[in-house]
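What follows is a set of notes on a single structure, which appears directly below.
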Amino acid sequence: MVAVTPRHFVGPLHDDERLLAEFLTDRGWQQPREDRLIRSCGRLGVHLPRGTFPEWTVWGAQHHGAQIAWSLTVRSSVPIELLAATVTEAEVILDEAPAGAREPYVRGLLALGLIPLARAGWTDEVNPRGAVTFRPPDGYANAVAKVPSGLHELRGRAAATVSSYGPNSYWEAQFTTGTPSRVLAAFTRELASDEPLLRTADFRDLTYTRPHVTIRSLAETGEEGLSPAALAARSKSSAPTPAPAPVSSTPSAAPATAAPANTAGR
């Protein structure tokens, strides 16, 4: 195993579908279909990647059986830790909502969800139309939040996108206009974290072509300097397994903007 940073160069985990499914079912989620996971309240769900161009979809509804209020869709090459953090934050939003709240997912200024990138030192730019863009120092990722309008919903366009151009992690996460800024912030906070993610040793080859990528072999460096999350993952197995954790920390394992077409299981 190796510890890799920055995170936009880290790809998916081996068997990440099973890992995320176990992470959520251990928290009481149901799996009505092989490719569907849904929280018991029926207001939060995950579609596992399937098909020719497999994508993850995370969605939220204001109440059981309602239309989808927001969604995140992203290619399966995304690090699963980012999805685990995003789902965890959405759960917190539901748990914090007053009993009987009609709209637990409060809509706001989605661009606020990019603040973690500013705090992490990503450069920002605002265009004349009000869209804000963030890029990391190495330039291999990009995040954009547009000025929301009715056209985003009518045409199914993303109101915010976060993209990675790493050789092992090429993906674009698309967030619909109804996405709470806290959900986007959970995703970007996890992406911009300087805590390394654990992966298999095949990332070692990147050091020859990407000098800004830091790769440390756990066998060579031992435990010194590793985060508590990395130590826990190392002690459990060679394939880290997700565990419930605050959004600001990394679970040990771990966007098409239109709402998923099949909502019958929700």
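The values are calculated or read from the model by the stated rules, or taken from the named source; none is laboratory data. Keep in mind that what you see is a predicted model, and the values were worked out from it rather than measured. Here the Cβ is made from the backbone with ideal geometry for all residues, glycine too, and neighbour counts use every protein chain on show. SASA here: full protein model, heavy atoms, side chains in, ligands and nucleic acids out. Shrake-Rupley method; radii C 1.70, N 1.55, O 1.52, S 1.80 Å.
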Next item on the list: Could you look through the stretch 1-26, keep only residues that are part of a loop (DSSP other than H, G, I, E, B) and over 18 Å from the mean Cα position of the chain (by Cα), and pick out the one that is modelled with the highest pLDDT?
Entry: 26
Item checked: Selection from the stretch 105-144 of residues that are of a type in the set (A, V, I, L, M), in a strand (DSSP E or B) and within 17 Å of residue 181 (Cα to Cα) -> 132, 143, 144
Notebook entry, point to check: Mind checking which residues of the stretch 1-42 are open to solvent by 50 Å² or more (accessible area, probe 1.4 Å) and within 25 Å of residue 61 (Cβ to Cβ)?
Noted result: 17, 22, 25, 26, 27, 30, 31, 32, 33, 34, 40
Notebook entry, point to check: Tell me, which residue of the stretch 154-175 that is open to solvent by 20 Å² or more (accessible area, probe 1.4 Å) and in a loop (DSSP other than H, G, I, E, B) is nearest to residue 68 (Cα to Cα)?
Noted result: 156
Note to self: Checking the structure you have, find out if any residue of the stretch 32-45 is under 30 Å from residue 201 (Cβ atoms) and basic (Lys, Arg).
What the structure shows: no
Note to self: Against the conditions (1) over 14 Å from the mean Cα position of the chain (by Cα); (2) modelled with pLDDT of 90 or more, where does residue 163 fall short? Just the number, please.
What the structure shows: (1)
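Here is a list: 60, 100, 121. Which entry is modelled with pLDDT of 95 or more and exposed (fewer than 12 other Cβ atoms within 10 Å of the Cβ)? Break it down stepwise before answering.
Working: 60 fails: exposed (fewer than 12 other Cβ atoms within 10 Å of the Cβ); 100 fails: modelled with pLDDT of 95 or more.
That would be 121, the only listed residue that is modelled with pLDDT of 95 or more and exposed (fewer than 12 other Cβ atoms within 10 Å of the Cβ).
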